[in-house]
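The structure appears below as structure tokens.
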Amino acid sequence: MPEKRITIEDILKSVHKLDAKKEALIRSAYEVALKAHTGQKRKSGVEYIQHPLHTALNLAKIGLGSHTISAGLLHDVPEDTETTLEEIEKKFGKEIATLVDGVTKLGKIKLRGTKEELYLENLRKMFLAMASDIRVVLIKLADRLHNMETLSHVPPEKQQRIAMETLEVFAPIANRLGIGEIKARLEDLSFKYLDPENYEEVSKLVKEQYSQRKKYVDKAISELKKELLREGIDVIDIYGRTKHTYSLFQKLKRHDMDINKIYDLVGVRIVVPEVVNCYETLGIVHKKYRPLVGRIKDYISLPKPNGYQSIHTTIFGPEGKFLEVQIRTKKMDDEAEFGIAAHWIYSEKKQALKDIFFRNKKTVIPEKDIAWVRQLREWQNELGKDDQEFMESLKIDFFKNHIFAFTPSGDIIDLPEEANTIDFAYRVHSEVGNRATGAKVNGKMVPLDYKIRNGDVIEILTSRDHKTPSRDWLRFVRTSNAKSHIRRMLKKKGLL
Ligand code: MN
């Protein structure tokens, strides 16, 4: 299938509350990206600029602001073109440059090893990004979504690896951030490459069932609408929705692959203004159509762990057939689709959000009303169970006291706050520590007592002949690991 070409105008049309200032910023980011990527092509043969354009469009569609959209347009520039991060910072300022840099760094981390390892490795990586700025993760998701949409153009082996990563790491992250739409699309695209046979079968099933069910659902919608209007409910929207392929497949597996046991293949969604209207609507729906016992779920009073809110009920609809109805407010509807991004749209407390996204500013995170912050915490706890060491690092308050740095080959090294390059060297390997003669951080030489910052790429220079640590190091190392190795070696040499 040929890739759909889009233009900057498509993005501008999708920007939430576009104004002249936002438009100017986005256009200028586009100009820089266009110029930088000139002559480059995607594997599909289309101009490279289509990739950042699609990435930016995905971001605009989930309601993100002009800074994030601009960073989305520029996200592959420092890595793949002659234009440097410094030039981006000069032109667009620190905020956008930091976002672009964050995405570049995420892209450099190796995803390899066993399934479990891969999973954890990625999650650590994501945490790192979240800890500094959650928007970096959103750009990465938007980037991955377009890469998945164009995956048919890469070699089969790579397809498998990328699809696996997407299903096991990126889709769950989208889910955790509550971005249902991106999660579902990532899952369906991965499913297609990882299990083509079942994908075909389920897609076929959906197609057949859908056309049958469509007429029925349309009829149900018109009857429900009439009833709700008569009762004075201000219906914002009422529409039919189809289950996504991958989630349907998961459900089919639990129900002997029998499509007739799936009641929510095509459902009806009713969107109303206020929470109180949701319950009124539920009453009206149940008065008209008898509900199925045990199928009423009130996720408004008891939201799902990722913050999802709605009322679900299965009714004996017109002609006595099962029909699932979901009832929610406009705000809940947006949040279900856009996840945390919806907070940009709904939050009036802009500063409060900023405090969360820039952890380095020493502010107390206002947890009130922000369910997903709590969610991130729970997520960390859940994860930690699989990995003792990780769990321990979480105990020391993940967000506050930890620094993550990279080796030049992309391995993650976690260190306590104020750690320096010698701590880093010993964390990599005791021999690297013992033989250390110098260090480069992000390509530049630094003194050995350089205090590492989150996301630094650190190269330890070693010498074969040099096998003895310096006594001086004991004055500044932070980790007990480094201290004990240095002492041991000095004692061995009779220097301590
Ligand atoms: Mn990219």
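The values are calculated or read from the model by the stated rules, or taken from the named source; none is laboratory data. Computed from a predicted model, the values in this text were never measured in an experiment. Counting neighbours? That spans all protein chains shown, and the Cβs are built from the backbone with ideal geometry, glycine included. These accessible areas exclude ligands, DNA and RNA; they are computed on the full protein's heavy atoms, side chains included. Shrake-Rupley method; radii C 1.70, N 1.55, O 1.52, S 1.80 Å.
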In the range 242-280, anything among the hydrophobic types (A, V, I, L, M, F, W, C), closer than 12 Å to Leu205 by Cβ and open to solvent by 50 Å² or more (accessible area, probe 1.4 Å) is listed as Met257
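With the condition kept exactly as written, say whether any residue in the range 43-62 is polar (S, T, N, Q), in the same structural domain as Leu138 (by TED's automatic domain parsing) and modelled with pLDDT under 95. Please lay out each step first, then the result.
Residues of the range 43-62 that are polar (S, T, N, Q), as a first pass: 44, 50, 55, 58.
Now drop any that are not in the same structural domain as Leu138 (by TED's automatic domain parsing), which leaves 44, 50, 55, 58.
So of that shortlist, the ones also modelled with pLDDT under 95 come out as 44, 58.
So far as the range 43-62 goes, yes, one or more of its residues are polar (S, T, N, Q), in the same structural domain as Leu138 (by TED's automatic domain parsing) and modelled with pLDDT under 95.
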Which one of these does Glu181 not meet: (1) touching a Phe, Trp or Tyr at 6+ places or on another chain (Cβ under 8 Å); (2) open to solvent by less than 50 Å² (accessible area, probe 1.4 Å); (3) not assigned by TED's automatic domain parsing to the domain that holds Lys331? (2)
Taking Leu106 and the conditions (1) at pLDDT 85 or above; (2) within 12 Å of the ligand (Cβ to nearest atom), which numbered condition does it fall short on, given that it satisfies the others? (1)
Please specify each residue of the range 24-59 satisfying the condition of being touching a helix residue (DSSP H, G or I) at 6+ places or on another chain (Cβ under 6 Å) and more than 16 Å from the ligand (Cβ to nearest atom). Leu25, Ile26
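Taking helices (runs of 4 or more DSSP H) that fall entirely within the range 394-496, which contain at least 3 residues that are within 25 Å of Leu99 (Cβ to Cβ)? Steps first, answer last, please.
Numbers: elements: 398-401, 421-428, 430-434, 473-476, 480-492.
Once the helices (runs of 4 or more DSSP H) in the range 394-496 are filtered for at least 3 residues that are within 25 Å of Leu99 (Cβ to Cβ), what remains is 398-401.
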Based on this model, can you work out whether Val432 counts as aliphatic (A, V, I, L, M), modelled with pLDDT of 80 or more, open to solvent by 20 Å² or more (accessible area, probe 1.4 Å) and not assigned by TED's automatic domain parsing to the domain that holds Glu86? yes
Of all residues in the range 256-293, which are within 16 Å of Gly317 (Cα to Cα) and in a loop (DSSP other than H, G, I, E, B)? Ile262, Tyr263, Asp264, Leu265, Tyr289, Arg290, Leu292, Val293
Given the conditions (1) within 27 Å of Leu59 (Cα to Cα); (2) not in a helix (DSSP H, G or I), every one holds for Ala184 apart from (2)
When only residues in the range 314-324 that are surrounded by fewer than 21 Cβ atoms within 10 Å (Cβ to Cβ) and of a type outside the set (A, V, I, L, M, F, W, C) count, which is nearest to the chain's Cα centre (by Cα)? Thr314
Can you tell me which residues in the range 428-476 are in contact (Cβ under 8 Å) with a residue 40 or more places away in the chain and among the hydroxyl-bearing types (Ser, Thr, Tyr)? Ser430
